[in-house]
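Right, one structure below, let's go through it.
The values are calculated or read from the model by the stated rules, or taken from the named source; none is laboratory data. Please read all numbers here as calculations on a predicted model, not as lab measurements. Here the Cβ positions follow ideal geometry from the backbone for every residue, glycine too, while neighbour counts run over all protein chains shown.
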There are 2 protein chains.
Amino acid sequence: MSYVLGIDGGGSKTVCVLMDDSHQVLGCGEAGPSNYQSIGIEATLQSIESAIYSAVNEAVEITKFIRIEAICLGLAGISRLADIEVVKGLVKKLQNSQVLPIIWALQSFSIVICNDALIALVGGIGHNVGIVVAVGTGSIVLGRNHQGNTKRVGGWGYILGDEGSAYKIAVAGMQAALKAYDGREIATSLVESFKQHLNLTNIEDLIEVIYRRRWGVKQIAALAPIVDLAAAEGDKVANIIIDDAVKELVKATSTVIDTIFIPGSVLEVVTIGSVWQGRAKIHNRFATSIIQKFPNVKVIFPRYEPAYGAGLLALQSLDAK
Amino acid sequence: MSYVLGIDGGGSKTVCVLMDDSHQVLGCGEAGPSNYQSIGIEATLQSIESAIYSAVNEAVEITKFIRIEAICLGLAGISRLADIEVVKGLVKKLQNSQVLPIIWALQSFSIVICNDALIALVGGIGHNVGIVVAVGTGSIVLGRNHQGNTKRVGGWGYILGDEGSAYKIAVAGMQAALKAYDGREIATSLVESFKQHLNLTNIEDLIEVIYRRRWGVKQIAALAPIVDLAAAEGDKVANIIIDDAVKELVKATSTVIDTIFIPGSVLEVVTIGSVWQGRAKIHNRFATSIIQKFPNVKVIFPRYEPAYGAGLLALQSLDAK
């Protein structure tokens, strides 16, 4: 029996699963964030080590050691070769850890380092062919076909892209409110919604909130539900914003489908991220548009967690040896 | 003969003119920035004092004093009452200055504190009725009618608004380049333009430039000429971006006209800011659209500097007493 670790490392938490080669999850552990570009390498190492320790500890008696043959780390913000080298260094340090009750049996092919989108795809669908449409604070669409070719669209961050994301929906909502206030565009209930939610005397005070209090991307993105709710309640302007977001996500997804899949392919698109939970039925709008364009494509919610996807990818690295 | 000071305080420099009641400029001085929200009150005071000193020094023998009856300060970022109180405090400190060869004869009505858009309007047109369309890093449209009513549209900053601004043009250009690279939208010469200008191996490296090097709003806005040039050279995508910017500015200007001017009014719209200097004839496109909608409205370049406008407003405060 082979044992592997699957790690999902993000900006708010790190999740680790311990999995055997029958895809059974034997243990699961959580720890703090592990996006090393924000919090540094040492803190990232600690989070990952702690998540692994919890996962292993759940499965194995504390006095015993477990033999780990593969590891997959799916981390946010991993895109450049330089990032991968940094993570390889982290794995070396894990192998020297005095804390973990692990006998490491890793080989170069069984250390898988990838972006968090890929593990979300594999976990969300349950195998490694399909498309993930990840829409939270940011947005990215990633597909993988049977030949193992991947295609990514989006994921360019809040300034350069992230179309359809919570950040973009929130910003579009505030812009629309201010345009209505200026008299440039039609009236919208968003003016009152933002005033109420942010406790503003005047919608002009958005300037105070956004610039003088130096709100960050996540804080702004957290205002997206205001737009979502206004849309659900029938506000025309809010509905245009939601429809625009859907259009962008449909276009990005269509591009991935057209690029790496044969026309008419039967495949699944998994949606993950906070934006899909909205009350304005953004998931429905998206699924309806996709199925109209691609009748053989099914839009689903995730079957498993990204960390589970990382575990599957770790196991696959052993099959491929 | 009455003498007044007109001060134009911005993020990069402070300009002061010394003017008499026949609108003659007797002296002009320049100093460093004076946006107190960024650089602090002490540094702002120093810039303003230094600009005044240079202006007065140009006109008056160093041993003699000049009697100043009014002052107008048009400063960037002045919008709230709290800001005006801060600037009033600055004026008090100027009146106690040991450096300035000035006998102050200010009264409460002859201390005019306003936003930099208003002095740009008055300076640009040469009197205080009309509209200014200020489009640099940010964008704002401000109008003033014969009754003294003002209407502002835009000026909400780079996150909440600034439609048509250099920042928005630059960001739209980069987004379009990345969408073309993704295969989501039609090809554009902007991909090559940004690569060449920023010395990138791959257009993906925009992420490196914008996020990892933490480029600010001004640095990003300074990329707008890349989009402008591509548009001038016929690139379709770049031209759509420029046309969208023009549409936003026309809409904002139309809103100001419709709000405070009687239909058919003869009036002037002055355009100031870096965006109007572009090679893609954005000024022409704007003027053509405006004149189609409002045949009695003339789009002009500025007649005088904003500091001159501040001087005129200072003089007007004396007339109004």
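Would the stretch B:210-224 turn up any residue that is assigned by TED's automatic domain parsing to the domain that holds B:Ser139, in contact with an Asp or Glu (Cβ under 6 Å, 6 or more places away or on another chain) and either closer than 22 Å to B:Asp243 by Cα or in contact (Cβ under 8 Å) with a residue 24 or more places away in the chain (or both)?
Here is the first cut: in the stretch B:210-224, the residues assigned by TED's automatic domain parsing to the domain that holds B:Ser139 are B:210-224.
Now narrow it down to the ones that are in contact with an Asp or Glu (Cβ under 6 Å, 6 or more places away or on another chain): none.
No, there is no match, as no residue in the stretch B:210-224 is assigned by TED's automatic domain parsing to the domain that holds B:Ser139, in contact with an Asp or Glu (Cβ under 6 Å, 6 or more places away or on another chain) and either closer than 22 Å to B:Asp243 by Cα or in contact (Cβ under 8 Å) with a residue 24 or more places away in the chain (or both).
Report, by residue number, each residue of the stretch A:153-168 that is of a type in the set (A, V, I, L, M, F, W, C), within 18 Å of B:Arg212 (Cβ to Cβ) and crowded, with 24+ Cβ neighbours inside 10 Å.
A:Trp156
What tally of residues in the stretch A:92-104 results from selecting those that are part of a helix (DSSP H, G or I) and closer than 21 Å to A:Val60 by Cα?
In the first step, residues of the stretch A:92-104 are kept if they are part of a helix (DSSP H, G or I); the result is A:92-95.
Those still in the list that are closer than 21 Å to A:Val60 by Cα too: A:94-95.
Total satisfying the criteria: 2.
Got at least one residue in the stretch B:296-311 being touching a residue at least 40 places away in the same chain (Cβ under 8 Å), among the small types (Gly, Ala, Ser) and over 17 Å from B:Gly123 (Cβ atoms)?
Among the residues of the stretch B:296-311, not one is touching a residue at least 40 places away in the same chain (Cβ under 8 Å), among the small types (Gly, Ala, Ser) and over 17 Å from B:Gly123 (Cβ atoms), which makes the answer no.
Would it be correct to say that B:Ser12 is touching a helix residue (DSSP H, G or I) at 6+ places or on another chain (Cβ under 7 Å) and of a type in the set (S, T, N, Q)?
So B:Ser12 fails the test.
If only one of B:Gly27, B:Gly77, B:Gly11 is touching a strand residue (DSSP E or B) at 6+ places or on another chain (Cβ under 6 Å), surrounded by 15 or more Cβ atoms within 10 Å (Cβ to Cβ), not in a helix (DSSP H, G or I) and not assigned by TED's automatic domain parsing to the domain that holds B:Gly157, which one is it?
Every option except B:Gly27 fails the conditions.
Residues being among the hydrophobic types (A, V, I, L, M, F, W, C) and surrounded by 14 or more Cβ atoms within 10 Å (Cβ to Cβ): count how many of those fall in the stretch B:92-106.
Counting residues in the stretch B:92-106 that are among the hydrophobic types (A, V, I, L, M, F, W, C) and surrounded by 14 or more Cβ atoms within 10 Å (Cβ to Cβ) gives 5.
Taking interchain pairs and intrachain pairs at least six residues apart, which have beta carbon atoms under 8 angstrom, with the first residue in the stretch B:85-108 and in contact (Cβ under 8 Å) with a residue 24 or more places away in the chain and the second surrounded by 15 or more Cβ atoms within 10 Å (Cβ to Cβ) and in a loop (DSSP other than H, G, I, E, B)?
As it stands, the answer is B:Val87/B:Ile78; B:Leu94/B:Leu100; B:Pro101/B:Val60; B:Ala105/B:Glu69; B:Leu106/B:Glu69, since those pairs meet every condition given.
When the residues of the stretch B:30-45 are filtered to those that are surrounded by fewer than 17 Cβ atoms within 10 Å (Cβ to Cβ) and assigned to a helix (DSSP H, G or I), which remaining residue is nearest to the other protein chains (Cβ to nearest Cβ)?
Filtering first and then ranking leaves B:Gln37.
Considering only the stretch A:186-213, state which residues are within 11 Å of chain B (Cβ to nearest Cβ) and at pLDDT below 95.
We begin by selecting, within the stretch A:186-213, every residue within 11 Å of chain B (Cβ to nearest Cβ); these are A:194, A:202-212.
Once the filter is applied, which keeps residues that are within 11 Å of chain B (Cβ to nearest Cβ) and at pLDDT below 95, the stretch A:186-213 yields A:Asn202, A:Ile203, A:Glu204, A:Asp205, A:Leu206, A:Ile207, A:Glu208, A:Val209, A:Ile210, A:Tyr211, A:Arg212.
For the stretch B:264-277, state whether one or more residues are more than 16 Å from B:Val133 (Cβ to Cβ) and hydrophobic (A, V, I, L, M, F, W, C).
yes
Given the condition under 30 Å from A:Gly143 (Cβ atoms) and of a type in the set (Asp, Glu), answer yes or no: does some residue in the stretch A:161-182 qualify?
Yes, the stretch A:161-182 has at least one match.
Results for (1) within 14 Å of another protein chain (Cβ to nearest Cβ); (2) assigned to a loop (DSSP other than H, G, I, E, B), shown as yes or no for each residue.
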| residue | (1), (2) |
| --- | --- |
| A:Gly234 | no, yes |
| A:Thr253 | yes, no |
| A:Ser265 | no, yes |
| A:Thr271 | no, no |
| A:Val299 | no, no |
| A:Pro302 | no, yes |
| A:Ala307 | no, no |
| A:Ser317 | no, no |
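Could you list, in sequence order, all residues of the stretch B:145-185 that are within 10 Å of another protein chain (Cβ to nearest Cβ) and touching an Asp or Glu at 6+ places or on another chain (Cβ under 6 Å)?
B:Val153, B:Glu163, B:Lys179
A:Ala82 versus (1) more than 26 Å from the chain's Cα centre (by Cα); (2) exposed (fewer than 13 other Cβ atoms within 10 Å of the Cβ): which is the lone unmet condition?
(1)
Give A:Lys321, A:Lys218 a once-over and let me know the one that is within 30 Å of A:Ile7 (Cβ to Cβ), assigned to a loop (DSSP other than H, G, I, E, B), modelled with pLDDT under 95 and of a type in the set (D, E, K, R). Break it down stepwise before answering.
Numbers: A:Lys218 fails: assigned to a loop (DSSP other than H, G, I, E, B).
Unique residue meeting the criteria: A:Lys321.
Is it true that A:Gln196 is part of a helix (DSSP H, G or I), within 30 Å of A:Leu142 (Cα to Cα) and not basic (Lys, Arg)?
When the stated conditions are applied, A:Gln196 does not pass them.
Is it the case, given these coordinates, that A:Ile71 is assigned to a helix (DSSP H, G or I) and either modelled with pLDDT of 95 or more or more than 12 Å from A:Ile7 (Cα to Cα) (or both)?
Here the answer is no, as A:Ile71 does not meet what is asked.
Taking the condition of being modelled with pLDDT under 95 and of a type in the set (S, T, N, Q), how many residues in the stretch B:253-283 meet it?
3
Which of the residues belonging to the stretch B:277-309 are within 28 Å of B:Gly234 (Cβ to Cβ), among the aromatic types (Phe, Trp, Tyr) and buried (at least 19 other Cβ atoms within 10 Å of the Cβ)?
B:Phe286
Kindly provide the set of residues from the stretch B:130-144 that are under 14 Å from the mean Cα position of the chain (by Cα) and away from every other protein chain (no Cβ under 11 Å), ordered by number.
B:Ile131, B:Val132, B:Val133, B:Ala134, B:Val135, B:Gly136, B:Thr137, B:Gly138, B:Ser139, B:Leu142, B:Gly143
Of all residues in the stretch A:59-74, which are buried (at least 16 other Cβ atoms within 10 Å of the Cβ) and without any contact (Cβ under 8 Å) to a residue 60 or more places away in the chain?
Answer for the stretch A:59-74, where residues must be buried (at least 16 other Cβ atoms within 10 Å of the Cβ) and without any contact (Cβ under 8 Å) to a residue 60 or more places away in the chain: A:Ala59, A:Val60.
Is one or more of the residues making up the stretch A:120-129 over 23 Å from B:Asp162 (Cβ atoms) and either in contact with an Asp or Glu (Cβ under 6 Å, 6 or more places away or on another chain) or within 12 Å of chain B (Cβ to nearest Cβ) (or both)?
Checking the stretch A:120-129: at least one residue is over 23 Å from B:Asp162 (Cβ atoms) and either in contact with an Asp or Glu (Cβ under 6 Å, 6 or more places away or on another chain) or within 12 Å of chain B (Cβ to nearest Cβ) (or both).
Kindly evaluate A:Ala280 against the criterion of being of a type outside the set (Lys, Arg), in the same structural domain as A:Ala222 (by TED's automatic domain parsing) and part of a loop (DSSP other than H, G, I, E, B).
Considered against the rule, which asks whether it is of a type outside the set (Lys, Arg), in the same structural domain as A:Ala222 (by TED's automatic domain parsing) and part of a loop (DSSP other than H, G, I, E, B), A:Ala280 comes out as yes.
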